[in-house]
1. Could you figure out which of (1) under 26 Å from F249 (Cα atoms); (2) in contact (Cβ under 8 Å) with a residue 40 or more places away in the chain; (3) among the polar types (S, T, N, Q) isn't true of N201?
2. Filter the stretch 418-451 for residues that are within 17 Å of A275 (Cβ to Cβ), open to solvent by less than 30 Å² (accessible area, probe 1.4 Å) and touching a residue at least 24 places away in the same chain (Cβ under 8 Å) and give the result.
3. So is A401 on the phi < 0 side of the Ramachandran plot, of a type outside the set (S, T, N, Q) and touching a residue at least 24 places away in the same chain (Cβ under 8 Å) or not?
4. Just to be sure I understand, how many residues within the stretch 110-159 are closer than 23 Å to R289 by Cα and in a helix (DSSP H, G or I)?
5. Hey, can you tell me all the residues within the stretch 373-389 that are over 24 Å from the mean Cα position of the chain (by Cα) and among the β-branched types (V, I, T)?
6. Residues to consider are S306, S261; find the one that is modelled with pLDDT under 90 and either among the hydrophobic types (A, V, I, L, M, F, W, C) or not in a loop (DSSP other than H, G, I, E, B) (or both).
7. Can you tell me which of A176, A206 is open to solvent by less than 10 Å² (accessible area, probe 1.4 Å), out of contact with any Gly (no Cβ under 7 Å at 6 or more places or on another chain) and farther than 30 Å from P425 by Cβ?
8. Which ones in the stretch 240-264 are under 20 Å from I173 (Cβ atoms) and open to solvent by less than 70 Å² (accessible area, probe 1.4 Å)?
Amino acid sequence: MPESTAPPRADHVSADLPNPHQLPSGPDAAESLAPQGTTRELATLAWPLILSNLAYTAVGFTDTLYMGRLGVVEVGAVGLASLVLFTVSLLFRSALNTASTFVARALGAGDTDGIRRWAGIFLTLSLIGVPLTFIGPWLVSTVLTLLHTAPAIASVAQTYAHIRILEIPFALIGTASVSIMLGLGNTRTPMLLSWMLVTVNAALAALFVFGFHWGVAGAAWASLIAVDLQGLLSFWLVLRLYRSQYGRFWFLRPNSGEVRSVIRISLPAGLTDLADVGAFTVFLGIIARLGPTELAASQIANQFASFGFLPAFALNASTSSLVSRALGAGRPDLAARIGWRGAGLSAGLMLLLTLAFLLIPRTLIGLFNNDPRVLELGASVLAVMSGYLLLDGVGIVLGGALSGAGDTRFRLLVTLGGAWLLMVPGAAWLAPRYGVAGAWAAALMYITLLSSCYAWRFWSGRWRKATL
């Protein structure tokens, strides 16, 4: 591995964390292991995550950019296929992401055995990716059929998704490994891994799509190889970096109490994201019925929204980890301060994106496609998005804070109600009457409801009663 991309040494994983060889004990232990809750601490954890999220978004950006050179159908189909593929494994990805909550809680409590045990349990849970790979193609085809996707789009989408389904086992073990690192305060190693993914994917996609003329299949094979490499390297690093501090991380069988904790905390977290993204998949399917131009315009606009939300999702993860660690140290007052501070930072950053969407929408859409109709529709979508960006930024961070506290069932109930009782039926009614902008107006109503409920819940303090 080149020196410039080598991961940090185990003793340099995070300057803000206590030395695991000297974890304090006694009455002062909880106080010394509690996070500081400062803006600087949040930013220190968040900035590598912003770059990590930028890398993951760049993978989709690269595929959209390359597909844009092939045609409008390819742009829409690859975007839809990526979302369907992501949805198929999302329940498990999101459940595995709660490893950071359990690990951070143990870290805050000074429980070295708990850190090692929860890491091993989530590595074991990641093995669900193996059987999922075998039923994945059927799931992808079923979802596309249920969406009544146009034949031209469905054919291209299946080509792309049936290749990438093979990455799921590697992606899931990588997800668990990265979440363990995040729980321990290490966000820099995941950042390096994510940019390795971008570099490998971009280089191979250019070769396969344009050099070998493999088209959509070439983009899929490039992503598959890049994701597999990242997952394997993440697993190897989580074993290597922490062995001297916490002992050997390895696959462990959970006991009945730990299984109940996973069902109580991790399963609702997974179902929440599945309900949200599943609803959005149906939402895009509704837009796809309007035509490939409408779908392409939405896909391009959504790529820009994904870029803009990078800071919010980074603050979501860092806030969640710090809230869990503060609660582990017995400091719910500090956890509340961390949550509100993260939400405020996110709102300020989303304001900048809102201004960009309002002031230069056609310029942004034109970076991907100059078709007059795509420009017109894409600009209308960005205008609707500008109405919810600030609220969504706050909701994303407070949702992470609630998850860090273990209050995942509330998030599930709000998401199920808002996504499936408001956004999906709203889009189905508005799209035929008001076009693609009408469909996105339903998303605006959903996000407004979701963010308001999260803010109320966090303000109420009921999350303080949640236990892992």
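The values are calculated or read from the model by the stated rules, or taken from the named source; none is laboratory data. On a predicted model such as this, the values are computed, not experimentally measured, just so you know. All Cβ positions, glycine included, derive from the backbone under ideal geometry; neighbour counts span all protein chains shown. Note: accessible area is taken over every heavy atom of the protein model, side chains too, but ligands, DNA and RNA are not part of it. Shrake-Rupley method; radii C 1.70, N 1.55, O 1.52, S 1.80 Å.
1. (1)
2. The answer is G418, A419, M423, V424, A427, A442, A443, Y446, I447, L450, S451.
3. Taking the combined requirement at face value, the residue satisfies it.
4. Qualifying residue count, the stretch 110-159: 19.
5. Hit for the stretch 373-389 is V374, nothing else.
6. Result: S306 is the single residue among S306, S261 that is modelled with pLDDT under 90 and either among the hydrophobic types (A, V, I, L, M, F, W, C) or not in a loop (DSSP other than H, G, I, E, B) (or both).
7. The match here is A176.
8. L241, Y242, Y246, G247, F249, F251, L252, P254, E258, V259, V262 - these are the residues of the stretch 240-264 that are under 20 Å from I173 (Cβ atoms) and open to solvent by less than 70 Å² (accessible area, probe 1.4 Å).
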